[in-house]
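Trainee: Just passing along the structure, written as C-alpha cells.
Just so you know, all these numbers are worked out from the coordinates, no wet-lab data involved. Keep in mind that what you see is a predicted model, and the values were worked out from it rather than measured. Quick reminder, even Gly has a Cβ in these numbers, built from the backbone with ideal geometry, and neighbours come from all protein chains shown.
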Amino acid sequence: MLVIDASAFASWAFPDEDTDRVSQALIRIMAEEESATSAAIFPLEALHAAGRALARGRFTPGAHQHVLRLLSRLPVALAPMRVSPLEFWSWAQSLQLSSYDASYLKLAVDLKAPLVTMDEALVRACRQLDHPFISDLS
C-alpha cells in the first residue's frame with residue numbers, strides 16, 4: 001500500500017517532469033502491482049495543477065487531456081479525514097505543513113504506508129516523523 005499526493009501524480013503525468021522513483025511507484029499503481037490510496041482532496045489538487053499548467057502554456061491541450069485521462073484511470077482509493085479539525089490543525093502546524101499537505105501525511109501515518117511525494121515540505125515532515133517516503137528529492 002502506498003499513499004500518493006498530487007505532486008507525485010504531477011511529476012509522473014506531466015510531460016516535462018523527469019522523475020525516477022516516483023514514476024516507478026505510479027507505474028506500479030497503474031499496473032495494479034501496488035495498491036494506493038490518497039486523501040479525498042487528491043483529484044481536486046491534481047486537476048488544479050493540470051489546469052494551471054495548461055493556462056501557463058506548460059503543455060498543449062492534447063497533453064492536458066492525456067493527463068486528465070491518466071488521472072481518471074489511476075486506481076487510487078480516496079480516504080476521508082477522520083480527525084477533528086482542531087486536532088488536525090494543531091498537528092499540521094506542528095509540522096509546518098499546509099492543511100492540504102498534512103492530509104496526505106496524516107493518512108500515510110495512520111495507514112503506516114509510505115508517502116509518495118515530490119513536495120519538499122512533506123519530505124521534511126516525513127523525515128521529522130521518521131516516516132517512510134518515496135521521492136526523487138534529495
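Trainee: Against the longest alpha carbon principal axis of the chain, how many degrees, from 0 to 90 and to the nearest 10, is the axis of helix 85-94 turned?
Mentor: Approximately 80 degrees, to the nearest 10.
Trainee: Before rounding to the nearest 500, sum -39500 (n - 2.57) across all DSSP H runs of length at least 4 in the chain and divide by the residue total; then give [θ] at 222 nm in deg cm²/dmol.
Mentor: Roughly -17000 deg cm²/dmol at 222 nm, from the helical runs in the chain.
Trainee: Could you work out how far apart the two model spin labels at Q65 and L44 are, taking each label as a point 7 Å from the Cα in the direction of the beta carbon, and quote it in nm?
Mentor: Between Q65 and L44, the simple spin-label model gives 2.8 nm.
Trainee: Something else about it: With +1 assigned to the C-beta of every Lys and Arg and -1 to the C-beta of every Asp and Glu, and no other charges, what is the dipole magnitude of the chain about the Cα centre in debye, to the nearest 20?
Mentor: Here the chain has a charge dipole of around 280 debye.
Trainee: Let me ask another. May I ask you to order 15-21, 84-90 by the average number of other C-beta atoms within 10 Å around their residues, highest value first?
Mentor: Final packing ranking: 15-21, 84-90.
Trainee: Please give the per residue volume of the convex hull enclosing the alpha carbon atoms of the chain, rounded to a whole number of Å³.
Mentor: So the per-residue hull volume is 102 Å³.
Trainee: Suppose every Lys and Arg Cβ carries +1 and every Asp and Glu Cβ carries -1, with no other charges. What dipole size does the stretch 85-138 come out with about its Cα centre, to the nearest 20 debye?
Mentor: 100 debye
Trainee: Give the Cα extents of the stretch 10-60 along the principal axes, in whole Å, largest first.
Mentor: Projected onto the principal axes, the Cα atoms of the stretch 10-60 cover 34, 25, 14 Å.
Trainee: Next question. Quick check on packing: order 53-65, 25-37 by the mean number of other C-beta atoms within 10 Å, highest mean leading.
Mentor: Final packing ranking: 25-37, 53-65.
Trainee: Along the charge dipole of the chain, which of S72, L97, V116 sits closest to the positive end, that is, farthest toward it, with unit charges on the beta carbon of Lys, Arg, Asp and Glu (+1, +1, -1, -1)?
Mentor: Positive-most Cα among the choices belongs to S72.
Trainee: Multiplying the sequence separation of E32 and R56 by 0.36 nm and subtracting their Cα-Cα distance, what value in nm do you get?
Mentor: Extra length available between E32 and R56 comes to 5.4 nm.
Trainee: Further question on the same structure: For A36, which sequence-distant residues (separation of 5 or more, or a different chain) have an amide H within less than 5 Å of its own amide H, given hydrogens modelled in the peptide plane?
Mentor: The list, which skips near neighbours in sequence, is L2, A77.
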